[in-house]
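What follows is a set of notes on a single structure, which appears directly below.
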Amino acid sequence: MTPDTVQTLALTLGAGWAAGINLYAAMLTLGWLGMSGQVDLPPGLDVLENPMVMGAAGLMFAVEFFADKVPWMDSLWDALQTFARIPGGALMAAGAAKGLDLGGAGELAGLLLGGGLAAGSHVTKASTRALINTSPEPASNWAASFTEDFAVIGGLWTALNHPWLFLLLLILFVVLAVWLVPRIWRLLKAAGRTLRNWFRKPSTPTNPAPIREESS
């Protein structure tokens, strides 16, 4: 494969992966890189350079920035964003796949791969956040949120500048997610059972009234 083909492939997969974590950060990152002339986005993604699109993405990123750092609010936000991140990742990956010059088949493959990666990274993030929320302190939410934002920005930059490295890291992420997510769900189920036991009131047996002996 030529270097341009590898870069486009990395961008296609990276767009889907990043959108599953933070769709708006991914849109802003690619839009800014393209608008500033640091990269030439494929024809299917050059719409991200539009100031109106960047403004809308920036507004939604600001909302997510704060919602993502409040315990349990972040899990509610993740649930709502399921309907945006996965389709958004699929569409962004399909747009990036136009740079592969494979026609409709390439775009369809990008749509499927991008949607699958967006779903995987979204489920991994949402599951990890739900587990973090079992801890009462808020510091871990802030740390996780900033880590995710930096991962999206750094991951897309790596995909564009060091595509082979990004593809290797993406494979490692997929392997880790396949291993990690089932274990997180088992921990969440155990935590849920513990909470139910705490809130369940123990049943107190009722003692029958003592029988009084009648005096003869």
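The values are calculated or read from the model by the stated rules, or taken from the named source; none is laboratory data. The model shown is predicted, which means the values in this text are computed figures rather than measured ones. Here Cβ is always computed from backbone atoms with ideal geometry, including for glycine, and neighbour counts include all displayed protein chains.
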**Prompt:** If you go through the range 140-147 one residue at a time, do you hit one that is surrounded by fewer than 17 Cβ atoms within 10 Å (Cβ to Cβ), in contact with a Pro (Cβ under 6 Å, 6 or more places away or on another chain) and not aliphatic (A, V, I, L, M)?
**Reply:** no
**Item:** Filter result for A67 (within 21 Å of V47 (Cβ to Cβ), surrounded by fewer than 20 Cβ atoms within 10 Å (Cβ to Cβ) and modelled with pLDDT under 95)
**Value:** no
**Prompt:** Got at least one residue in the range 145-153 being part of a loop (DSSP other than H, G, I, E, B) and without any contact (Cβ under 8 Å) to a residue 24 or more places away in the chain?
**Reply:** no
**Message:** Restricting to the range 88-107, name every residue that is under 13 Å from M27 (Cβ atoms) and not small (G, A, S).
**Reply:** L91, M92
**Unmet requirement for F150, which otherwise passes all of (1) over 15 Å from the mean Cα position of the chain (by Cα); (2) loosely packed, with under 14 Cβ neighbours inside 10 Å; (3) at pLDDT 85 or above** = (1)
**Complete:** Filtering the range 1-15 down to residues that are touching a Gly at 6+ places or on another chain (Cβ under 9 Å) and either under 16 Å from I153 (Cβ atoms) or assigned to a loop (DSSP other than H, G, I, E, B) (or both) yields L11, G14, A15
**Request:** Would you be able to tell me the number of residues in the range 17-61 that are in a helix (DSSP H, G or I) and either among the aliphatic types (A, V, I, L, M) or in contact with an Asp or Glu (Cβ under 7 Å, 6 or more places away or on another chain) (or both)?
**Result:** 24
**Request:** Spot the failing condition for D78; the list is (1) loosely packed, with under 15 Cβ neighbours inside 10 Å; (2) under 20 Å from the mean Cα position of the chain (by Cα); (3) of a type outside the set (G, A, S), and only one is missed.
**Result:** (1)
**Item:** Criterion violated by G95 - all others in (1) farther than 16 Å from E148 by Cβ; (2) modelled with pLDDT of 95 or more satisfied
**Value:** (2)
